[in-house]
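A short write-up of the structure that comes next.
The values are calculated or read from the model by the stated rules, or taken from the named source; none is laboratory data. In this text the structure is predicted, and so the values were computed from the model without any measurement. Neighbour counts run over all protein chains shown; Cβ positions are idealised from the backbone, glycine included. What goes into the accessible areas is simple: the full protein's heavy atoms, side chains included, and nothing from ligands, DNA or RNA. Shrake-Rupley method; radii C 1.70, N 1.55, O 1.52, S 1.80 Å.
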Amino acid sequence: MVQILQGKDITLAQLIDEFGLQLANEEHFFSEWRHDLAELSDLEKQSLNEVKAEYLHLSKYPILEPVVKMVVLSPLLRLAGFYQPPFYIASEQEVRISSEDEGTIIRGRIDILVLHPPFWVLVIEAKRAEYSLVPAIPQALAYMLADATSAKPVFGFITNGNEFQFIKLTKHGIPRYALSYTLSLNRGDDLHTVVKVLKRIAHLIRNS
């Protein structure tokens, strides 16, 4: 009997059991979020300071997912250059992935997908502010596994507006993934680092 699961309900254990997903422990596996990050201009830093101030102002009341996308995510993607050629944006992209024996099918919708057609670049999951990022990790990984263009790594980006985490997935044979540290809007220059990493991913895709 075929088991149909919603992406938002998937667990990491299920991805490991059904798809053979493995955690990559080598530091070099996901070096893109640590190394060769370009400095930001003063204007970019000013824009990020405004994003932070606006978010903190609005967070006096509950911040739902659409507001996270509008106030925080949209300016980050713009600063990283994902609204410019060669990239395109898709919203609520429907995905379906089945295990090798087709005993399990996962369905869902990606909040935001950045493409460099035909390749997927960045799978983005946005959550309301009070939600933890932890449940979003297997959800993002499930959608990343659905990418048919497996020749290149796929990156994931999850945020609740206040916290941010990056994911890298490769599918050469056994699917393997790694996570960045959790970055916080309230900690030092972490928001600057978020944009630097996004810019780094954009640069790698442009020059691949």
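Quick check on region 156-194: of everything there that is among the aromatic types (Phe, Trp, Tyr) and open to solvent by less than 10 Å² (accessible area, probe 1.4 Å), which residue is nearest to Leu56 (Cα to Cα)? Within region 156-194, the match that is nearest to Leu56 (Cα to Cα) is Phe164. Contact map, region 74-89: first residue under 19 Å from His192 (Cα atoms) and touching a residue at least 60 places away in the same chain (Cβ under 8 Å), second residue surrounded by 13 or more Cβ atoms within 10 Å (Cβ to Cβ) and among the aromatic types (Phe, Trp, Tyr), Cβ cut-off under 7 Å, separation 6 or more or different chains; pairs are Leu77/Tyr83. Per the conditions (1) within 30 Å of His172 (Cβ to Cβ); (2) in contact with a strand residue (DSSP E or B) (Cβ under 6 Å, 6 or more places away or on another chain); (3) not in a strand (DSSP E or B), the sole criterion not satisfied by Lys69 is (1).
Any chance region 159-170 includes a residue that's free of Cβ contacts under 8 Å to residues at least 60 places away in the same chain, closer than 23 Å to Glu65 by Cβ and in a loop (DSSP other than H, G, I, E, B)? Within region 159-170, none of the residues are free of Cβ contacts under 8 Å to residues at least 60 places away in the same chain, closer than 23 Å to Glu65 by Cβ and in a loop (DSSP other than H, G, I, E, B). Exactly one residue out of Glu94, Glu18 is under 20 Å from the mean Cα position of the chain (by Cα) and either farther than 22 Å from Ala126 by Cα or exposed (fewer than 13 other Cβ atoms within 10 Å of the Cβ) (or both), and it is Glu94. The number of residues in region 25-48 being under 14 Å from Thr193 (Cβ atoms), surrounded by 10 or more Cβ atoms within 10 Å (Cβ to Cβ) and not charged (D, E, K, R) comes to 5. Applying a threshold of 8 Å to beta carbon distances and a minimum spacing of six or more residues, or different chains, the list of pairs starting in region 8-31 at a residue that is over 18 Å from Phe155 (Cα atoms) and in a loop (DSSP other than H, G, I, E, B) and ending at one that is open to solvent by 70 Å² or more (accessible area, probe 1.4 Å) and not polar (S, T, N, Q) reads Gly20/Ile174.
Answer yes if at least one residue in region 69-78 is of a type in the set (D, E, K, R), over 18 Å from the mean Cα position of the chain (by Cα) and either modelled with pLDDT under 95 or surrounded by fewer than 19 Cβ atoms within 10 Å (Cβ to Cβ) (or both), and no otherwise.
Among the residues of region 69-78, not one is of a type in the set (D, E, K, R), over 18 Å from the mean Cα position of the chain (by Cα) and either modelled with pLDDT under 95 or surrounded by fewer than 19 Cβ atoms within 10 Å (Cβ to Cβ) (or both), which makes the answer no.
Considering only residues of region 129-155 that are more than 15 Å from the chain's Cα centre (by Cα) and within 16 Å of Leu73 (Cβ to Cβ), which is most open to solvent (accessible area, probe 1.4 Å)? Going through the qualifying residues, I end up with Tyr131. Evaluate the following for Ile106: is it closer than 24 Å to Pro153 by Cβ and either outside any helix (DSSP H, G or I) or at pLDDT below 95 (or both)? Spelling it out, Ile106 is indeed closer than 24 Å to Pro153 by Cβ and either outside any helix (DSSP H, G or I) or at pLDDT below 95 (or both). If you check Leu133, Leu122, Leu191 for being within 21 Å of Met70 (Cβ to Cβ), assigned to a loop (DSSP other than H, G, I, E, B) and hydrophobic (A, V, I, L, M, F, W, C), only one passes: Leu133.
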